[in-house]
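Here's the structure we're looking at; comments come further down.
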């Protein structure tokens, strides 16, 4: 039986063979301005996002502390909820902001960055949440030296970007990218 056209070939279902291989939407050789200064901007965007995430968490801890004083120590039992609530808040923040209409967190918007898939589509909630989770896991287990990966590739992608198939580009550069057709 030959593989001519559609069917299972090479580990993936295809309808057209190698002719349907989709190229990267962002090419650092033809569009270098999309990647200029991205790593530096990502660091500052991360710091801004860290503040945005930390403010409600600190306010929550202060509320629990004061509530514990008012209830003569009974309210301090809520401290066991603070850590899981912090993790949930961070994942929801990244998922909602990267999956939102700008495909960027508040820090990324300030620094004129946006997250896109390798084929040019905007981010979505699950992708944004996984982006945050993989970032924190990679930093925790592989040390911050894993960030050096971005210095050695043309698209300035970090390890978690490569795993998820995403790319962060300058949104201030207004090169129109064709919106891919939905595949679902």
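The values are calculated or read from the model by the stated rules, or taken from the named source; none is laboratory data. What you are looking at is a predicted structure, and each value in this text was computed from that prediction instead of being measured. Cβ atoms come from the backbone with ideal geometry, glycine included; neighbour counts cover every protein chain shown.
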Review point. Do any residues in the range 63-85 that are more than 26 Å from residue 53 (Cβ to Cβ) have Cβ atoms under 8 Å from those of residues that are modelled with pLDDT of 95 or more and part of a helix (DSSP H, G or I), where the two are at least six apart or on different chains, and which pairs are they?
Key: 74/68
Point to revise | Filter pass, residue 38 being in contact with a strand residue (DSSP E or B) (Cβ under 9 Å, 6 or more places away or on another chain) and at pLDDT 85 or above | key: yes
Check your understanding: Which of the residues that make up the range 138-162 are surrounded by 14 or more Cβ atoms within 10 Å (Cβ to Cβ) and in a helix (DSSP H, G or I)?
Key -> 138, 139, 146, 147, 149, 150, 159, 160, 161, 162
Point to revise | Residue among 48, 64 that is surrounded by 14 or more Cβ atoms within 10 Å (Cβ to Cβ) and either more than 17 Å from the chain's Cα centre (by Cα) or at pLDDT below 80 (or both) | key: 64
Check your understanding: With respect to the numbered conditions (1) part of a helix (DSSP H, G or I); (2) within 30 Å of residue 157 (Cβ to Cβ); (3) in contact with a helix residue (DSSP H, G or I) (Cβ under 8 Å, 6 or more places away or on another chain); (4) modelled with pLDDT of 95 or more, which one is the sole condition not fulfilled by residue 135?
Key -> (4)
Exercise for review: Say whether the condition of being under 21 Å from residue 92 (Cβ atoms) and modelled with pLDDT under 90 is met by at least one residue in the range 139-159.
Suggested key: yes
Check your understanding: Does residue 129 satisfy the criteria of being more than 21 Å from residue 171 (Cα to Cα), in a helix (DSSP H, G or I) and free of Cβ contacts under 8 Å to residues at least 40 places away in the same chain?
Key -> no
Check your understanding: For residue 91, which of the numbered conditions (1) over 12 Å from the mean Cα position of the chain (by Cα); (2) over 23 Å from residue 26 (Cα atoms) fails to hold?
Key -> (1)
